[in-house]
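To start, the structure itself, in structure tokens.
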Amino acid sequence: MPAEISLVPVDRENVRPVCDLVLAPGQETFVAPAATTVAEAAYEPDAWLRAIALDGVPVGVVLLVRDAPDEPYFLVRLMVDAAYQRRGIGAQAVALTLAHLRGLSGEDRLRTSCIPGEGSPLPFYRGLGFTETGEVDDDGERVLERGLEPDPRG
Ligand SMILES: CC(C)(COP(=O)(O)OP(=O)(O)OC[C@H]1O[C@@H](n2cnc3c(N)ncnc32)[C@H](O)[C@@H]1OP(=O)(O)O)[C@@H](O)C(=O)NCCC(=O)NCCS
């Protein structure tokens, strides 16, 4: 049974533990440190930054951005602390992010990107219904997207 999580705003109470979240060895290739995510979000005009909270304790971070109001949101950052990975938390965080987008008008999909290779989150995203668009972004990452429908596996 996966742990129940919630997505909560990053605020003055939790910003330090969010910034202190730790990646597993080798994962630095695939995602920037949490503190970088928090800093970048401050300079994005349309950022949606949330801590992944488990019983009130930050265990991960999610950042959505978009370049323009008529563009789909892009999941630029998703990270679960190394000590909490492989418990279903990342999958639940994506499900809650999709639910958030369903509550906004005009949203019909979520895009993300990642680097393929050993330890890549590509299988994680494919398992959640994301498919590759065939695009490669400016950083050489493969672009993926999915509609906002809930995962039929629940
Ligand atoms: C990718 C990440 C967010 C996944 O979070 P998580 O909480 O460990 O994932 P879950 O436990 O919810 O896994 C859901 C499914 O994906 C699978 N999965 C998770 N990470 C995987 C990986 N790297 N490779 C293959 N499968 C993976 C799980 O086995 C599980 O499969 P199942 O549903 O068949 O049991 C987490 O590993 C992480 O933070 N990685 C480092 C940062 C990163 O790469 N972020 C994404 C790029 S922005």
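The values are calculated or read from the model by the stated rules, or taken from the named source; none is laboratory data. Computed from a predicted model, the values in this text were never measured in an experiment. Note that we place each Cβ from the backbone using ideal geometry, even for glycine, and neighbour counts take in every protein chain shown. Just so you know, the surface numbers come from the protein's heavy atoms only, side chains and all, with ligands and any DNA or RNA stripped out. Shrake-Rupley method; radii C 1.70, N 1.55, O 1.52, S 1.80 Å.
The figures follow:
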{"read-out": "Condition met for residue 9 (more than 27 Å from residue 120 (Cβ to Cβ) and either surrounded by 12 or more Cβ atoms within 10 Å (Cβ to Cβ) or under 16 Å from the mean Cα position of the chain (by Cα) (or both))", "value": "yes"}
{"read-out": "Scan of region 99-115 for residues that are without any contact (Cβ under 8 Å) to a residue 12 or more places away in the chain and either crowded, with 21+ Cβ neighbours inside 10 Å or farther than 13 Å from residue 66 by Cβ (or both), ordered by number", "value": "103, 105"}
{"read-out": "Cβ-Cβ under 7 Å pairs, at least 6 apart or on other chains, region 85-98 side assigned to a helix (DSSP H, G or I), far side open to solvent by 50 Å² or more (accessible area, probe 1.4 Å) and modelled with pLDDT of 95 or more", "value": "90/124"}
{"read-out": "Qualifying residue in region 36-46 (condition: farther than 22 Å from residue 138 by Cβ and of a type in the set (Asp, Glu))", "value": "no"}
{"read-out": "Tally, over region 53-84, of residues that are in a helix (DSSP H, G or I) and either more than 9 Å from the ligand (Cβ to nearest atom) or surrounded by 15 or more Cβ atoms within 10 Å (Cβ to Cβ) (or both)", "value": "2"}
{"read-out": "Of all residues in region 21-47 being part of a loop (DSSP other than H, G, I, E, B) and away from the ligand (no atom under 12 Å from the Cβ), the one that is nearest to residue 5 (Cα to Cα)", "value": "47"}
{"read-out": "From 50, 12, residue being of a type in the set (Lys, Arg) and in a loop (DSSP other than H, G, I, E, B)", "value": "12"}
{"read-out": "Residue tally, condition more than 7 Å from the ligand (Cβ to nearest atom), under 20 Å from residue 18 (Cβ atoms) and among the charged types (D, E, K, R), over region 85-119", "value": "0"}
{"read-out": "Qualifying positions in region 117-132 - open to solvent by less than 50 Å² (accessible area, probe 1.4 Å) and within 18 Å of residue 77 (Cβ to Cβ)", "value": "120, 121, 122, 125, 128, 130"}
{"read-out": "Residue check, residue 135 closer than 16 Å to residue 95 by Cα, of a type in the set (Asp, Glu) and either surrounded by 13 or more Cβ atoms within 10 Å (Cβ to Cβ) or more than 9 Å from the ligand (Cβ to nearest atom) (or both)", "value": "no"}
